[in-house]
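K.L.:
Have a look at this one before I ask anything.
The values are calculated or read from the model by the stated rules, or taken from the named source; none is laboratory data. Computed from a predicted structure; not experimentally measured. Counting neighbours? That spans all protein chains shown, and the Cβs are built from the backbone with ideal geometry, glycine included.
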Amino acid sequence: MIQKLERIDRVLVHKGAIVNTYTDHIRMPDGKIAKWDYIEHVKGAAAVVAVLPDGKIVMVRQYRNALDRETLEIPAGARDSVEEDTAVCAKRELEEETGYTCGKIEKLLSLKSTVAFCNELIDVYLATELTAGEQHLDEEEDIEIVPCELSELCNKIYAGEIQDGKTVAAILAYANKIKA
């Protein structure tokens, strides 16, 4: 039987715009106190699998500082506030990052990105009936739009070329949905 752990304190180490970093003090089953890192994602996020009429999926290629390289991902971003509906966020991020608007949007799945140390919740949507438009990038964004075949994306996932958790989960969920 697993002994219950108890968080006895949470100390703010850094307050940020997107995340807050804490040190948690955890009482272990033997009574010792352990220190664990905890990252609070302040607002939550949304992501979108945007499917073009020809079946290709609208992907974005962008530099990711944490990895010091470019990644291929589905469009995504943080909510403007904790009250913002994630479907609204998903539509906004789709238009900002790719220029596409959608006529139809439906929730595909919800996921916690990194449960070992972070509470980030991402709602992932499926967007169809797309209309092309202009990107509205933030000043610090440099995003390339890359339409891809689903089979190509699945191959890249299994080859380890796509490792972003939200993208992997979303693409495989979509593949399962259209197969069913």
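K.L.:
Could you pull out the residue among Ala46, Ala17 that is within 23 Å of Leu121 (Cα to Cα) and in contact with a helix residue (DSSP H, G or I) (Cβ under 7 Å, 6 or more places away or on another chain)?
P.N.:
Ala46
K.L.:
Please note which strands (runs of 3 or more DSSP E) are completely contained in the range 1-119 and include at least 2 residues that are acidic (Asp, Glu) and under 20 Å from the mean Cα position of the chain (by Cα).
P.N.:
69-73
K.L.:
Could you check the range 1-22 and list, in sequence order, the residues that are out of contact with any Asp or Glu (no Cβ under 8 Å at 6 or more places or on another chain) and acidic (Asp, Glu)?
P.N.:
Glu6
K.L.:
Follow-up. Go through (1) more than 30 Å from Asp37 (Cα to Cα); (2) in contact with a strand residue (DSSP E or B) (Cβ under 6 Å, 6 or more places away or on another chain) for Lys156 and report which single condition fails.
P.N.:
With (1) more than 30 Å from Asp37 (Cα to Cα); (2) in contact with a strand residue (DSSP E or B) (Cβ under 6 Å, 6 or more places away or on another chain) applied to Lys156, the lone miss is (2).
K.L.:
If the requirement is being at pLDDT below 95, of a type in the set (Val, Ile, Thr) and surrounded by 15 or more Cβ atoms within 10 Å (Cβ to Cβ), which of these qualifies: Val60, Val42?
P.N.:
Going through Val60, Val42 in turn, just one is at pLDDT below 95, of a type in the set (Val, Ile, Thr) and surrounded by 15 or more Cβ atoms within 10 Å (Cβ to Cβ): Val42.
K.L.:
Is there a residue being surrounded by 13 or more Cβ atoms within 10 Å (Cβ to Cβ), in the same structural domain as Ala50 (by TED's automatic domain parsing), closer than 30 Å to Asp24 by Cα and at pLDDT 95 or above anywhere in the range 139-150?
P.N.:
Checking the range 139-150: not a single residue is surrounded by 13 or more Cβ atoms within 10 Å (Cβ to Cβ), in the same structural domain as Ala50 (by TED's automatic domain parsing), closer than 30 Å to Asp24 by Cα and at pLDDT 95 or above.
K.L.:
In addition: Identify, from the list Thr128, Thr71, Thr98, the residue that is among the hydroxyl-bearing types (Ser, Thr, Tyr) and in contact with a Pro (Cβ under 8 Å, 6 or more places away or on another chain).
P.N.:
Going through Thr128, Thr71, Thr98 in turn, the sole match is Thr98.
K.L.:
Consider Ala87 against the criteria (1) modelled with pLDDT under 95; (2) of a type in the set (A, V, I, L, M); (3) surrounded by 14 or more Cβ atoms within 10 Å (Cβ to Cβ); (4) farther than 28 Å from Arg69 by Cα: it satisfies all of them except one. Which criterion is unmet?
P.N.:
Tallying (1) modelled with pLDDT under 95; (2) of a type in the set (A, V, I, L, M); (3) surrounded by 14 or more Cβ atoms within 10 Å (Cβ to Cβ); (4) farther than 28 Å from Arg69 by Cα, Ala87 fails exactly one: (1).
K.L.:
OK, next. Taking the options Ile105, Ile122, name whichever one is β-branched (Val, Ile, Thr), crowded, with 16+ Cβ neighbours inside 10 Å, within 21 Å of Gly165 (Cβ to Cβ) and in contact (Cβ under 8 Å) with a residue 12 or more places away in the chain.
P.N.:
Checking each option against the conditions leaves just Ile122.
K.L.:
For the range 120-132, enumerate the residues that are of a type in the set (Gly, Ala, Ser) and either in a strand (DSSP E or B) or closer than 30 Å to Asn20 by Cβ (or both).
P.N.:
Result: Ala127, single match.
K.L.:
Within the range 65-96, can you find the residues that are touching a residue at least 60 places away in the same chain (Cβ under 8 Å) and of a type in the set (D, E, K, R)?
P.N.:
The one that is touching a residue at least 60 places away in the same chain (Cβ under 8 Å) and of a type in the set (D, E, K, R): Glu73.
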